[in-house]
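Asks: Would you mind keeping the following structure in view while I ask a few things?
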Amino acid sequence: MHHRRNPFGLGRAVLEADRFKMETLRSINRRFSKKYPVTFLDEDYKGFSPTFVKDLWRVQAGIFWLTNGNAYAGQFPSMKDFVTKNGGDPKVLPPNFTNVFDLREVLPNYKGGQYGIYGPDGIWGPATENLLLAYIKNGRSVYGVDIDAGNDNLANAFSRLEAGLSNPKLAAAKSTENKDSIKISPSLETDCSILDGNAQEAAGNCAATKTSLKEDGEIKTKRKGGLYGEKVERNWWIAGGVATAGILLNYHLYRKRFR
């Protein structure tokens, strides 16, 4: 998974492997684990290892694909029917899918880009916790997807995460005899406060509170109404600071030259 720029939180445009940086994702996972604690029972997962991040990505992306994006559409409406809209077949995972970290390889009509896919991101948090709770509760059925139906690599990733992770919710779910007591969110959602600006903008239930960057690098600032407008506005505080610095530098050079 990949955060193209400003990896402040969950839900970036995430399935672009051209700039995938594992250490960035490990660092973000360590930071978010303070709010969403997780204990590693599997030695291979400790330290938010690449093995852990990749297994997390696999289950997120697999459910994204097999639900046609709809597992995430409750919070991100643009993800509804995303796979079919971009030329994929959500009934079956493409060959070697769980080793693919760029969906452009398997979605012929997907062009990528910062405003493409929001939701899964290789980071531990409430959405991934719900994925595992659903897996534990529903007998290997996750958001309507039968994990054991010809999806061996995906099933193995879920199984490793179930065995290799624990926190109070997961431990209770594993030990309870009354599976009905396990609460599963109807869609995979993340707190608005830990989404970054672009993800807040894409989410249907969040007011935008953070700055986003467009792909061309131009700064997009928050409007007073709390939502980003279509018009791109420059950050005049930064522009003013640069201009002032330029004036002071020129003045210094002028004085130095004519002393």
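Asks: Could you grab the pairs with beta carbons closer than 8 Å, sequence gap of 6+ or different chains, first residue in region 31-45 and among the charged types (D, E, K, R), second one surrounded by fewer than 15 Cβ atoms within 10 Å (Cβ to Cβ)?
Replies: D42/A163
Asks: Any chance region 111-120 includes a residue that's more than 16 Å from W57 (Cβ to Cβ), of a type outside the set (G, A, S), touching a helix residue (DSSP H, G or I) at 6+ places or on another chain (Cβ under 9 Å) and free of Cβ contacts under 8 Å to residues at least 12 places away in the same chain?
Replies: Yes, because at least one residue in region 111-120 is more than 16 Å from W57 (Cβ to Cβ), of a type outside the set (G, A, S), touching a helix residue (DSSP H, G or I) at 6+ places or on another chain (Cβ under 9 Å) and free of Cβ contacts under 8 Å to residues at least 12 places away in the same chain.
Asks: Name the residue that is nearest to A172 (Cα to Cα), counting only residues in region 137-148 that are in a strand (DSSP E or B) and touching a Ser or Thr at 6+ places or on another chain (Cβ under 9 Å).
Replies: Restricting to residues being in a strand (DSSP E or B) and touching a Ser or Thr at 6+ places or on another chain (Cβ under 9 Å), the top hit is V142.
Asks: Do you know which residues across region 125-135 are at pLDDT 90 or above and hydrophobic (A, V, I, L, M, F, W, C)?
Replies: Answer for region 125-135, where residues must be at pLDDT 90 or above and hydrophobic (A, V, I, L, M, F, W, C): L131, L132, L133, A134.
Asks: Which of the residues that make up region 61-90 are out of contact with any Pro (no Cβ under 8 Å at 6 or more places or on another chain), in a loop (DSSP other than H, G, I, E, B) and among the polar types (S, T, N, Q)?
Replies: Scanning region 61-90 gives N70, Q75.
A quick yes/no check of all residues on (1) outside any loop (DSSP other than H, G, I, E, B); (2) surrounded by 18 or more Cβ atoms within 10 Å (Cβ to Cβ); (3) in the same structural domain as W57 (by TED's automatic domain parsing):
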{"site": "T98", "(1), (2), (3)": "yes, yes, yes"}
{"site": "T128", "(1), (2), (3)": "yes, yes, yes"}
{"site": "Y135", "(1), (2), (3)": "yes, yes, yes"}
{"site": "G150", "(1), (2), (3)": "no, no, yes"}
{"site": "N153", "(1), (2), (3)": "yes, no, yes"}
{"site": "A171", "(1), (2), (3)": "yes, no, yes"}
{"site": "E189", "(1), (2), (3)": "no, yes, yes"}
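The values are calculated or read from the model by the stated rules, or taken from the named source; none is laboratory data. Worth saying up front: this structure is predicted, and the values here are computed from it rather than measured. When we count neighbours, we look across all protein chains shown, and the Cβ atoms used for this are built from the backbone with ideal geometry, even at glycine.
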